[in-house]
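Engineer: First, the structure itself, so that you have it in front of you.
The values are calculated or read from the model by the stated rules, or taken from the named source; none is laboratory data. Note that this is a predicted model, so its numbers are computed, not measured. FYI the Cβ positions are ideal-geometry reconstructions off the backbone, even for glycines, and counts take in every protein chain you see. To get the accessible areas, we keep the full protein, side chains included, count just its heavy atoms, and leave off ligands, DNA and RNA. Shrake-Rupley method; radii C 1.70, N 1.55, O 1.52, S 1.80 Å.
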Amino acid sequence: MDTVLELRALTKHFPTHRAVNGVAFALQRGEFFSLLGPSGCGKTTTLRLIAGFETPTSGEILLNGRPVANLKPYERNVNTVFQNYALFPHLTVARNIRFGLERRRPRMPAAEISAKVDRMLSMLQLSGKEDRMPGQISGGERQRVALARSLVLEPDVLLLDEPLSALDPKLRKQVRAELKSIQRRVGIAFLFVTHDQEEALSLSDRIAVMNRGELEQVGPPRELYQTPASRFVAEFLGDVNWIDGAAIRPECLRISRDRPVNGACAFPAVVMSNTYLGDCVHIEMCLESGGRCVAQVNENECRYETGQHVYVWWRQQDQLPIALEQSISADA
């Protein structure tokens, strides 16, 4: 594997708290890597340390094997796409894209700069918009301009600080698909910061889940979802039912009117509500123990009414491999 970025025991202390504590991972060239976690977990601080906007308290940042923790931001071959895109409102699309090239590489011939800008306009489907101002294009197009402005500099790593958070849900899904396609075409390593687990799962080659300044788990999306290393990872990457010491995803929880006869553990429950979500229905139930659980079923499988007595059960192979100290009844 060709490592482009490596963090070694990276730590950042502020006067009031420790924002990053011993974070270590390696990013491969051409990889889409996400830092995922709740607000305040240290993911944005980690990105700012890599970019050079913060100085580490301790630890190392290596870019292509070279220590860069003491270098200025402009001395590192990384670029950042910010949450608000930070476009210049008084410059056209084309001028926004070429701005960094003109400042960073003043000796580059104008014809070469124009060729690079034209390539970005074409690659990010902005051709024909080059003379428009940022206020005259859509939110998705502004996001692509911000990407183009960074990608034209050919960074080793592109840092993205929650770049989709300002978009409405429909546009967010559309731009998310475009972002993955763009990353594959340019072949540059993306380090994507988000608190949205659906974004991280759909975009990433690997995900690093952060909590309270530390890494909880690093791995491919499927691995983290199916074999979470901790209760925090399991719950942050989706809904989980905790029943009698077992962790079960809602889509794996089964419901039947009669007690199963196949030897599966079955728990009596009463249907509390059905929530229609378009492609599926969430059925919330109250267990005999007093705890709550939720099953996700297809709409045509939703045959259970509020107040109905049922049994909930699951296959052994669908149980998440997490040791649980407390059962759902203890959490209720």
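Engineer: Pop the C-beta distance of residue 178 and residue 154 into the FRET formula with R0 = 22 Å and round what comes out to the nearest 0.05.
Structural biologist: 0.65
Engineer: Still on this structure, please answer the following. Considering amide H positions built from the backbone, and no H for Pro or chain starts, which residues 5 or more places from residue 57, or on another chain, come under 5 Å of its amide H?
Structural biologist: 11, 12, 13
Engineer: List every residue whose amide H lies under 5 Å from the amide H of residue 216, counting only residues 5 or more places away in sequence or on a different chain, with H placed 1.01 Å from N in the peptide plane.
Structural biologist: Those qualifying (amide H under 5 Å, at least 5 residues apart or on another chain) are 209, 210, 211.
Engineer: Stretched out fully, how many nm does the piece from residue 305 to residue 171 gain, at 0.36 nm a residue minus the Cα gap?
Structural biologist: 44.7 nm
Engineer: Whose amide H sits under 5 Å from the amide H of residue 159, counting only residues 5 or more places off or on another chain, with H placed in the peptide plane?
Structural biologist: Those qualifying (amide H under 5 Å, at least 5 residues apart or on another chain) are 79, 80, 81, 191.
Engineer: Which order do 243, 255 take by accessible area at a 1.4 Å probe, largest first?
Structural biologist: These residues rank, largest area first, as 255, 243.
Engineer: What's the extension gain from residue 26 to residue 131 if we count 0.36 nm per residue and subtract their Cα-Cα distance?
Structural biologist: 33.8 nm
Engineer: Compute the distance in nm between two label points, each set 7 Å from the Cα along the Cα-to-Cβ direction, one at residue 288 and one at residue 138.
Structural biologist: About 5.5 nm, to one decimal.
Engineer: Sort 16, 46, 227 from largest to smallest accessible area, using a 1.4 Å probe on the heavy atoms of the protein chains.
Structural biologist: 16, 227, 46
Engineer: Please list 285, 123, 272, 133 in order of solvent-accessible area, largest first, computed with a 1.4 Å probe with all protein chains present.
Structural biologist: Highest to lowest solvent-accessible surface, that is 272, 133, 123, 285.
Engineer: Another question, if that's okay. Pop the C-beta distance of residue 108 and residue 230 into the FRET formula with R0 = 51 Å and round what comes out to the nearest 0.05.
Structural biologist: It comes to 0.55.
Engineer: Mind jotting down the distance between the C-alpha centroids of the stretch 195-242 and the stretch 94-172, whole Å?
Structural biologist: The stretch 94-172 and the stretch 195-242 have Cα centres spaced 31 Å from each other.
Engineer: May I ask you to evaluate 6.51 cos²θ - 1.76 cosθ + 1.60, the Karplus curve with θ = phi - 60°, for each residue of the stretch 188-196 and list the ³J(HN,Hα) values in order in whole Hz, giving x for glycine and proline?
Structural biologist: So the Karplus estimates, Gly and Pro as x, are 9, 5, 10, 10, 10, 9, 7, 9, 9 Hz.
Engineer: A further question follows. Within the chain, which is the longest segment containing none of the trypsin sites (Lys or Arg not before Pro) that sit in a DSSP loop and have at most 13 other Cβ atoms within 10 Å?
Structural biologist: Looking at the chain, 108-256 is the longest stretch - no exposed trypsin sites (Lys or Arg not before Pro) with at most 13 other Cβ atoms within 10 Å.
Engineer: Something else now. Taking a ≥ b ≥ c as the square roots of the eigenvalues of the Cα gyration tensor of the stretch 37-117, is the shape rounded (a/c under 1.5), prolate (a/b larger than b/c) or oblate?
Structural biologist: Oblate is the answer for the stretch 37-117, as a/c is 1.5 or above yet b/c matches or exceeds a/b.
Engineer: When the Karplus curve 6.51 cos²θ - 1.76 cosθ + 1.60 is applied with θ = phi - 60°, which whole-Hz ³J(HN,Hα) does each residue of the stretch 32-42 get, with x for Gly and Pro?
Structural biologist: Whole-Hz 3J(HN,Hα) from phi for the stretch 32-42: 9, 10, 10, 9, 10, x, x, 4, x, 7, x.
Engineer: Still on this structure: Show that you can apply the helix-only estimate: for the chain, add -39,500 (n - 2.57) for every DSSP H stretch of four or more residues, divide by all residues, and state [θ] at 222 nm to the nearest 500.
Structural biologist: Helices in the chain give a 222 nm mean residue ellipticity of -8000 deg cm²/dmol.
Engineer: For the chain, set up a GNM with springs between Cα atoms under 10 Å and report which of 312, 157, 209 has the largest fluctuation.
Structural biologist: Result for the chain, Cα springs under 10 Å: 312 fluctuates most.
Engineer: Using a 1.4 Å probe on the protein heavy atoms, what percent of the accessible area of the stretch 240-290 belongs to carbon and sulfur?
Structural biologist: Within the stretch 240-290, the accessible surface is 50 percent carbon and sulfur.
Engineer: What length, rounded to one decimal in nm, is gained on full extension from residue 66 through to residue 315, with 0.36 nm per residue of separation minus their alpha-carbon distance?
Structural biologist: 84.7 nm
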